[in-house]
Amino acid sequence: MEIIHEFRLFKASWGIVIDIYAELAPYEQDTQTIYSHSIKPIDYKDSFLALFVEDKIYEDSVVSMFSGYKIMGIELASEHLYRLLNKQDHPPRSYCDLKPSCYNLKPMVIRIFEIDYNPCDYQEEGLAPAIAAWLAKACDFAPPPVNAYFSKAENRYYFEPEPDVQLRNSPASVVS
Amino acid sequence: MGLDSGCFIPCRYLDKWYERESNLQILEFRIDTSVLASFHQIDIDLLPGPKRAKWLNQYSKLYGGNPTHGLEYIQRGTQVGKEHFFAKLVFRHLKFQ
């Protein structure tokens, strides 16, 4: 099911406006075939989450940051899925706990259909918190806070590194 | 929507939009300064921060608002220069080249 998240960051006369259209679905054997025209920047073997984006998006420069392999919020989402799947309140004890193979489970696939933005209200760095906010909405957990400030002199936004955020408790309603 | 004079800002502005829509082109126009000054207008950048945010949230569709401001001319700074928005009612005053 497609989930739409409208990310808005506004601290000046212009802001960062990004709408993300994506779905979260189990990774199936034929997923790679179905999405053969897409890319897979996140290694699904090491995470509950794999990321696919449509060709048309990849060709757009907006996803060049994905090549950095770092999707803000991916660890939070993985941890959240781990807790839901294991019905545990405590965080995973080891990195292995976050691997679906530990539980003979299939990883989840985030398939991004479209990233819509206004070119004059956009900065590439905003994609990271936007994806994180989408993940939070799709997985039903509190989105990590966005630590950003606007430099009037440089007319651009700066983002602080992703904070070490503790996952908040939320209802186990997404993965069954 | 008009643009600042000179090429630098319009070219960057056009480049930004070209990424989304390759059929776009810039149409230049002139307008008498006295007519321009007579428009019911606002420069968003001149508003103090909280009022600016409130205004955009209330009237900008981009930020979830409803453009029922009734203004004829709006200026707003962006990442690539100033945007100038004109209401349809005043298009007759724009002299396209």
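Going residue by residue through region B:6-16, is there one that turns out to be basic (Lys, Arg) and either over 21 Å from A:Tyr157 (Cα atoms) or modelled with pLDDT of 85 or more (or both)?
Within region B:6-16, not a single residue is basic (Lys, Arg) and either over 21 Å from A:Tyr157 (Cα atoms) or modelled with pLDDT of 85 or more (or both).
Under the condition of being assigned to a helix (DSSP H, G or I) and farther than 29 Å from B:Asp32 by Cβ, which residue from region B:57-97 is farthest from the other protein chains (Cβ to nearest Cβ)?
Here the residue is B:Gln58.
Within region B:21-36, can you find the residues that are over 21 Å from A:Ser13 (Cβ atoms) and either within 9 Å of chain A (Cβ to nearest Cβ) or part of a helix (DSSP H, G or I) (or both)?
Across region B:21-36, the qualifying residues are B:Thr33, B:Ser34, B:Val35.
Checking B:Gly81 against (1) out of contact with any helix residue (DSSP H, G or I) (no Cβ under 6 Å at 6 or more places or on another chain); (2) within 13 Å of A:Trp14 (Cβ to Cβ), which single condition isn't satisfied?
It fails just one condition, (1).
I need the full set of residues from region A:2-27 which are without any contact (Cβ under 8 Å) to a residue 60 or more places away in the chain and part of a strand (DSSP E or B), in order please.
A:Ile4, A:Glu6, A:Arg8, A:Phe10
Return the residues of region B:37-47 that are more than 10 Å from every other protein chain (Cβ to nearest Cβ), under 22 Å from B:Gly81 (Cβ atoms) and either in a loop (DSSP other than H, G, I, E, B) or modelled with pLDDT under 85 (or both); say none if nothing qualifies.
B:Phe39
The values are calculated or read from the model by the stated rules, or taken from the named source; none is laboratory data. Everything numeric here is computed off the predicted structure, so don't read it as measured data. Methodologically, a virtual Cβ is constructed for each residue, glycine included, from the backbone with ideal geometry; neighbour enumeration extends over all protein chains shown.
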